[in-house]
Amino acid sequence: MEQRNESMRERLLARLPQPENLAAFQEETASQLARHEKALFWQKWTSQAIGLLAVGVFLMTQFSWGPRLDTTRIVVFDVVAGIFFFMSQMWRLEYSLNRNQVSLLKEVKQVQLQVIELQSSLQRDGIR
């Protein structure tokens, strides 16, 4: 078991960028986080738009079209509104999970950056 943990440690440390590539790592991390933030924005916007569509269909069915429609069509429109509402809640849940994943990624990248900066300062001081 101890040998397996040691190999996992070595694999994780091998994936860490070298101090010489600090600027490239910072630039890559910034662009990656910007892409994630943009995707999260659109994911949140989509879930809210679908939720508003569900509310709109429901309200239009009940108050605007309701008196002119028969009961079967009202039920069909209400079911469609319910499906839209369910979809919006599923996308909102996905957004929440992805938001937490991105914040965890930010923390990991911050720790990686601190380790690289520490390695860089140790190399400059000639300790390593």
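Rule-based calculations on the coordinates, nothing more; no lab input. No experiment lies behind these values; they were computed from the predicted model shown. Note: ideal-geometry Cβ built from the backbone for every residue, glycine included; neighbour counts use all protein chains shown.
Being more than 31 Å from the chain's Cα centre (by Cα) and closer than 14 Å to Val80 by Cβ is the filter here; which residues of the stretch 40-69 pass it?
Across the stretch 40-69, the qualifying residues are Leu59, Met60, Thr61, Gln62, Trp65, Leu69.
Each row is one residue, and each column tells you yes or no for (1) part of a helix (DSSP H, G or I); (2) small (Gly, Ala, Ser); (3) in contact with a helix residue (DSSP H, G or I) (Cβ under 9 Å, 6 or more places away or on another chain).
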site: Ala34; (1), (2), (3): yes, yes, no
site: Thr61; (1), (2), (3): yes, no, yes
site: Ile74; (1), (2), (3): yes, no, yes
site: Gln114; (1), (2), (3): yes, no, no
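On the given criteria, is Thr29 surrounded by 13 or more Cβ atoms within 10 Å (Cβ to Cβ), under 30 Å from Arg124 (Cβ atoms) and of a type in the set (Ser, Thr, Tyr)?
Judged against the criteria, Thr29 is a match.
Taking into account only those residues within the stretch 75-106 that are within 15 Å of Ile50 (Cα to Cα), under 15 Å from the mean Cα position of the chain (by Cα) and not aromatic (Phe, Trp, Tyr), which is surrounded by the most Cβ atoms within 10 Å (Cβ to Cβ)?
Here the answer is Arg92.
Against the conditions (1) free of Cβ contacts under 8 Å to residues at least 24 places away in the same chain; (2) charged (D, E, K, R); (3) surrounded by 13 or more Cβ atoms within 10 Å (Cβ to Cβ), where does Asp125 fall short? Just the number, please.
(3)
Taking only pairs six or more apart or across chains, which ones have beta-carbon atoms under 7 Å, a first residue in the stretch 80-107 that is within 11 Å of Gln43 (Cβ to Cβ), and a second residue that is of a type in the set (Gly, Ala, Ser)?
Taking only residues 6 or more apart or on different chains, the pairs are Trp91/Ser47; Arg92/Ser47; Tyr95/Ser47.
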